[in-house]
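Just so you know, all these numbers are worked out from the coordinates, no wet-lab data involved. Nothing here was measured: the structure is a model prediction, and the numbers come from that model. FYI the Cβ positions are ideal-geometry reconstructions off the backbone, even for glycines, and counts take in every protein chain you see.
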Amino acid sequence: MINLHRYANPNQFMRLSSPLVPVAGLLTCLLFPIGLYLALFVSPPDYEQRETVRIMYVHVPAAWMALLSYTLMAVFSAVALIWRHPLANVMARSVAPIGASFTLICLITGSLWGQPTWGTWWVWDARLTSVLILFFLFVGYLVLYGAFDDVAKGARAAGLIAIVGFIFVPIIKFSVDLLDLRTLHQGASVSKLSSPAIHESMMWPLMVMAAAYLCYLITFLLLGVRTEIMAARVRAGQRMRAEKGIQRGNSE
Amino acid sequence: METLNEYLWMGGDGIFIWSAYSAAAILLGGLALAMLVGKRNVEKRLELLGDKHSQTRKEAGAHDGP
């Protein structure tokens, strides 16, 4: 069985992640131009949505990554609360701003897609409202994490929010397919793997853009965790220096 | 030139499409930049702390010496 605590060691993490960050970063830099080229120049316009279908290539992967980020944040928070995994809180904290950005991209691009397609920027239906709540959960997590002087207390409180808020992930995923709710949002096109309701010429650009978004998430998650570990070392070093200064002052 | 304008116009939907791509680029680019700057700042502070630490050790070594 894999000993997760072995990989939870910050030194071990720094050593293992060191070669991964440039590889993931390079893949991000390669996949984004390819994906954008396919999305903007190769992919055909839709017979119904015309050229606005091109918004799908930035909107849908952002929605997928927002849900993945929230799932990761909730899982890391649960691991931190249950097993006191030393790096789990740092990982949850690092994925939160990335997830918040993906959710905001999803909301903005969705609104810009909605206006020419549905004739409205926003509707208070199950899918859109639950994604907005997801964005507030990310922001709430970040605010709560930093609201306490004691970092451990902040992490615990924010972790609870992340776990409780996880209820919205399946609600968002299934809001247009399973819940019989009035919505303007279209149903799943890609998740039906046996017969996806999307043509190959649109599927490829979408998949490449999704891979680019995923590589971006991996790159900046690892980078964020590495920065947090270094920041913790700075804080520990400063504390040691301050304590030494006090001791020296007392002995004099 | 006309072809470029036509392409950018995207059948009248260009404003929505380019705004969506711009918003995504600004948010992803901004976050990447903020994280890279944050990392650089922490690295600098860590280096500074390391320099100060080795300096303190040198000073302590000089006092301890004969």
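Among A:Tyr70, A:Tyr57, A:Tyr47, the largest mean-square fluctuation in a Gaussian network model of chain A, built with springs joining Cα atoms closer than 10 Å, belongs to A:Tyr47. The charge dipole of the protein assembly as shown, taken about the Cα centre with unit charges on the Cβ atoms of Lys, Arg (+1) and Asp, Glu (-1), comes to about 1500 debye, rounded to the nearest 20. Against chain A, whose longest principal axis is taken from its Cα atoms, helix A:88-118 shows a tilt of about 20°.
Take the Cα radius of gyration of chain A and divide it by 2.2 N^0.38 Å, N being the number of residues; the result is 1.19. Can you tell me the FRET efficiency between B:Val37 and A:His199 if r is taken as the Cβ-Cβ distance and R0 is 45 Å, rounded to the nearest 0.05? Efficiency for this residue pair is about 0.60. By definition, a body whose alpha carbon gyration tensor gives a ≥ b ≥ c is oblate when a/c is 1.5 or more and a/b is not larger than b/c, and the range A:3-118 fits this oblate description.
For chain A, the longest principal axis of the C-alpha atoms and the axis of helix A:10-37 are separated by about 20°. Highest GNM mean-square fluctuation among A:Val95, A:Val164, A:Val139, for chain A modelled with Cα contacts below 10 Å: A:Val164. Measure nothing fancy, just the Cα-based angle from helix A:126-145's long axis to the longest principal axis of chain A, in degrees from 0 to 90, nearest 10. Roughly 10 degrees between the two axes. Between A:Leu160 and B:Ser22, the modelled label-to-label distance comes to 4.4 nm, taking each label 7 Å out from Cα in the direction of the beta carbon.
Each label point was placed 7 Å from the Cα along the Cα-to-Cβ direction; for A:Asp46 and B:Glu2 their separation is 3.1 nm.
Modelled spin labels at A:Ile34 and A:Ile246, positioned 7 Å past Cα toward Cβ, are 5.6 nm from each other.
Once the Cβ-Cβ distance of A:Leu20 and A:Trp121 is raised to the sixth power relative to R0 = 35 Å, the FRET efficiency obtained is 0.30.
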